[in-house]
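So the structure is just underneath, and the comments pick up after that.
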Amino acid sequence: MEPAVKESVKRIPLLKTKAGPRDGDSWTTRLKEEYTSLITYVENNKASDAHWFQLESNPQGTRWYGTCWTYYKNEKYEFEINFDIPVTYPQAPPEVALPELEGKTVKMYRGGKICMTTHFFPLWARNVPYFGISHVLALGLGPWLSIEVPAMVEEGFLKPKSASEAAAQAA
């Protein structure tokens with residue numbers, strides 16, 4: 001693992017329970033670990049002025065949704081985020097979707113699912129069951145946003161919300 005990745009992982013609590021949505025009480029235990037890890041990750045981000053997402057789930061913890069954002073050239077880019085926990089979780093990681101970006105980059109699949117197969121999925125596979133949702137965000141979605149949003153902006157496929165809202169109001 002690269003030093004920057006190791007540093008990110010050190011600040012996120014690892015999980016212990018190897019359970020998915022079909023595993024009854026074990027899933028409840030895993031879900032508690034997921035929430036604890038997420039809360040710690042958010043608190044650490046806020047403490048270092050690096051908060052970049054809001055996330056919540058359905059009561060079963062199988063469907064997650066919220067928003068994420070990044071900054072590029074002093075402009076904020078904010079997106080809806082959603083993902084489902086796969087039935088094979090934690091063997092398989094969730095596939096994170098940013099539906100409004102579908103078709104704006106080649107590093108995305110149908111439904112706005114971001115491409116994490118090359119870099120993140122092998123890392124996940126080596127760290128089952130210790131990685132969880134926080135790790136998907138920190139080591140999958142975060143790096144994807146930092147690379148793809150600037151590329152989409154420079155290619156003209158993406159405008160900051162403030163610019164698009166101003167254009168809509170002027171029309």
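The values are calculated or read from the model by the stated rules, or taken from the named source; none is laboratory data. Everything numeric here is computed off the predicted structure, so don't read it as measured data. Here the Cβ is made from the backbone with ideal geometry for all residues, glycine too, and neighbour counts use every protein chain on show. Please note that ligands, DNA and RNA were not included when accessible areas were found on the heavy atoms of the full protein model with its side chains. Shrake-Rupley method; radii C 1.70, N 1.55, O 1.52, S 1.80 Å.
Side notes on the structure shown:
- Filter result (aliphatic (A, V, I, L, M) and assigned to a strand (DSSP E or B)) within the stretch 81-101: Ile81, Ala97
- Flag if Lys159 is among the charged types (D, E, K, R), open to solvent by 20 Å² or more (accessible area, probe 1.4 Å), part of a loop (DSSP other than H, G, I, E, B) and farther than 30 Å from Asp25 by Cα: yes
- In the set (1) open to solvent by 50 Å² or more (accessible area, probe 1.4 Å); (2) under 19 Å from Lys16 (Cα atoms); (3) part of a loop (DSSP other than H, G, I, E, B), Lys104 fails one condition alone, (2).
- Residue in the stretch 30-37 that is open to solvent by less than 30 Å² (accessible area, probe 1.4 Å), in contact with a Pro (Cβ under 7 Å, 6 or more places away or on another chain), touching a residue at least 12 places away in the same chain (Cβ under 8 Å) and not hydroxyl-bearing (Ser, Thr, Tyr) present: no
- Selection from the stretch 107-120 of residues that are more than 13 Å from the chain's Cα centre (by Cα) and open to solvent by less than 70 Å² (accessible area, probe 1.4 Å): Met108, Gly111, Thr117
- Test set (1) loosely packed, with under 12 Cβ neighbours inside 10 Å; (2) part of a helix (DSSP H, G or I); (3) more than 18 Å from the chain's Cα centre (by Cα); (4) among the basic types (Lys, Arg) - Arg22 fails condition number: (2)
- Residues that are in contact with a strand residue (DSSP E or B) (Cβ under 8 Å, 6 or more places away or on another chain), among the charged types (D, E, K, R) and more than 19 Å from Tyr35 (Cα to Cα) do occur in the stretch 111-132, at least one of them.
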